[in-house]
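Encoded as structure tokens, the structure appears first; notes follow it.
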Amino acid sequence: MRLTRTRAPDRLGDNETVREEQQRTVVILGSTGSIGTQAIDIVQRNPHRFRVVGLAAGGGRADLLAKQAAELDVDRVAVADPGRAAELSRSLAEHGSRATVLAGPGGIAELAGSACDVVLNGITGALGLESTLAALRAGRTLALANKESLIIGGPLVRAVARPGQIVPVDSEHFAIAQCFPHLPQGELTSLAQGLLHARRDEVRRLVVTASGGPFRGRGRDELASVTPADALDHPTWSMGPVITVNSATLVNKGLEVIEANLLFDVPFDRIDVVVHPQSIVHSMVEYVDGSTIAKASPPSMMIPIAYGLGSPDRVPDAAPGMDWTRAQNWTFEPLDHEAFPAVRLACEVGEAGGTAPAVYNAANEEAVGAFLRGNLAFPAIMDTVSQVVSEHQRTERPGGSPGSSGELSLDDVYAADDWARSRARELLARQA
């Protein structure tokens, strides 16, 4: 870290004080996606606080990746698709960048373990697991937006992560972390200590909020005719295609429930999902005395991304706050588990542990791909996932993967992922 002297407003008034801030070096994985581009925006607005030293992406937008590398003057760039490495090298040269190119999943993992202060993992899907493990093993702070890596490799991740090393970037888990018990730290900012001081055994339950997606209120029969365009028309959030469809099926919320269990060590029967279409309250923690603490902000990923980069300090003006002068209504509704069975199934695979979450995730990614290509009806996404999960639970685990009582290895996870994708493609081929 590099120390810089900056002038900032005093916390208790308008006087200005000079303080020393440490400039953090950052590696951004998934830099051309939604999370990555927003992170770069935060960095560019706060050059005294952050400096990007490495970027990685899948390779589908090689020219954008090269442009980012040149603008940020990074040392190294990684691309997941080795076939795009030559194109990326040419593009880097055209943009005047001399960054070293790393290729393949191993190259991204190497970048994740390189010298830096923070690794933001915004890669989509199971590809992010190896990079998550590399960053943690190297002792980096991991700003985790790639929920899949924690979900499919939960025991592996928990075995190497130090307490507090992972900063959740998902808006829901960021919200829970803000409301979860922690000891007072830092200087007092007023006569009354405003930091939450509670014991973990005083937590009754976690409440994860869901927007409900574009099909909120529809029954299963009404979902048979929806199109990919319908599913991608999210009423609140702007995200990539896979995560947007996952929001429509509520698979994304199921994955977030598993993630909440792993991050906060709260059992599944004490994690609830409630539909909140305004997406203002991002999640809540209920305490044994009947109190519920909620974290509210406009629906923007800028705030959790900025906190992931700067934790435990906040980044001023990361995003606009709430306009409390305007009348507004917040509503909360129960989740329709019959029309949207993804959350209930996610709890089952989370309880099963082992490689079951990897199977759930892999089968879903294959089914979503088929739906986006127009080869699968929307309700059949979860039908396919349910069948693959059921077969996995009834038979010997692929790849010799252990159950919850055994040691899980990276090979076990990848073997289960491969088996689930293969089996899902077999089932999907019959429906095409």
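If you scan region 25-37, which residues turn out to be in contact (Cβ under 8 Å) with a residue 40 or more places away in the chain and surrounded by 21 or more Cβ atoms within 10 Å (Cβ to Cβ)? Show your work before the answer.
Within region 25-37, the subset in contact (Cβ under 8 Å) with a residue 40 or more places away in the chain is 25-31, 33-36.
Within region 25-37, Val26, Val27, Ile28, Leu29, Gly30, Ser31, Gly33, Ile35, Gly36 qualify.
Might you check whether a residue that is at pLDDT 95 or above and assigned to a helix (DSSP H, G or I) occurs anywhere in region 113-125?
Checked region 113-125: no residue is at pLDDT 95 or above and assigned to a helix (DSSP H, G or I).
Would it be correct to say that Ala380 is of a type in the set (Gly, Ala, Ser) and in a loop (DSSP other than H, G, I, E, B)?
Working: of a type in the set (Gly, Ala, Ser): yes; in a loop (DSSP other than H, G, I, E, B): no.
Considered against the rule, which asks whether it is of a type in the set (Gly, Ala, Ser) and in a loop (DSSP other than H, G, I, E, B), Ala380 comes out as no.
Which condition from (1) within 26 Å of Arg220 (Cβ to Cβ); (2) surrounded by fewer than 21 Cβ atoms within 10 Å (Cβ to Cβ); (3) touching a His at 6+ places or on another chain (Cβ under 9 Å) is the one that Met239 breaks?
Condition not satisfied by Met239: (3).
Against the definition (at pLDDT 80 or above, under 24 Å from Phe264 (Cα atoms), among the basic types (Lys, Arg) and not assigned by TED's automatic domain parsing to the domain that holds Ala342), how does Arg162 come out, yes or no? It would help to see each step written out before you state the result.
Working: at pLDDT 80 or above: yes; under 24 Å from Phe264 (Cα atoms): yes; among the basic types (Lys, Arg): yes; not assigned by TED's automatic domain parsing to the domain that holds Ala342: yes.
The answer is yes for Arg162.
Scan region 262-283 for residues that are under 19 Å from Leu250 (Cα atoms) and either part of a loop (DSSP other than H, G, I, E, B) or assigned by TED's automatic domain parsing to the domain that holds Pro155 (or both) and report the count.
5
So that you can scan it fast, the table gives a plain yes or no per residue for (1) free of Cβ contacts under 8 Å to residues at least 40 places away in the same chain; (2) small (Gly, Ala, Ser):
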site: Val226; (1), (2): no, no
site: Asn246; (1), (2): no, no
site: Glu256; (1), (2): no, no
site: Pro267; (1), (2): yes, no
site: Arg270; (1), (2): no, no
site: Ala294; (1), (2): no, yes
site: Met302; (1), (2): no, no
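Please pick out the residue among Pro316, Pro357, Pro299 that is under 30 Å from Ala415 (Cα atoms) and outside any strand (DSSP E or B). Walk me through it before giving the result.
Working: Pro316 fails: under 30 Å from Ala415 (Cα atoms); Pro299 fails: under 30 Å from Ala415 (Cα atoms).
Criteria check complete, one pass: Pro357.
Out of the residues in region 132-150 meeting the condition of being at pLDDT 95 or above and assigned to a helix (DSSP H, G or I), tell me which one is nearest to the chain's Cα centre (by Cα).
For region 132-150, the residue satisfying everything is Thr132.
Applying the selection to region 362-375, what residues are within 18 Å of the chain's Cα centre (by Cα) and within 15 Å of Gln393 (Cβ to Cβ)?
Ala362 - this is the single residue of region 362-375 that is within 18 Å of the chain's Cα centre (by Cα) and within 15 Å of Gln393 (Cβ to Cβ).
The values are calculated or read from the model by the stated rules, or taken from the named source; none is laboratory data. This one's a predicted model, so the numbers in the text were calculated from it and none came from an experiment. When we count neighbours, we look across all protein chains shown, and the Cβ atoms used for this are built from the backbone with ideal geometry, even at glycine.
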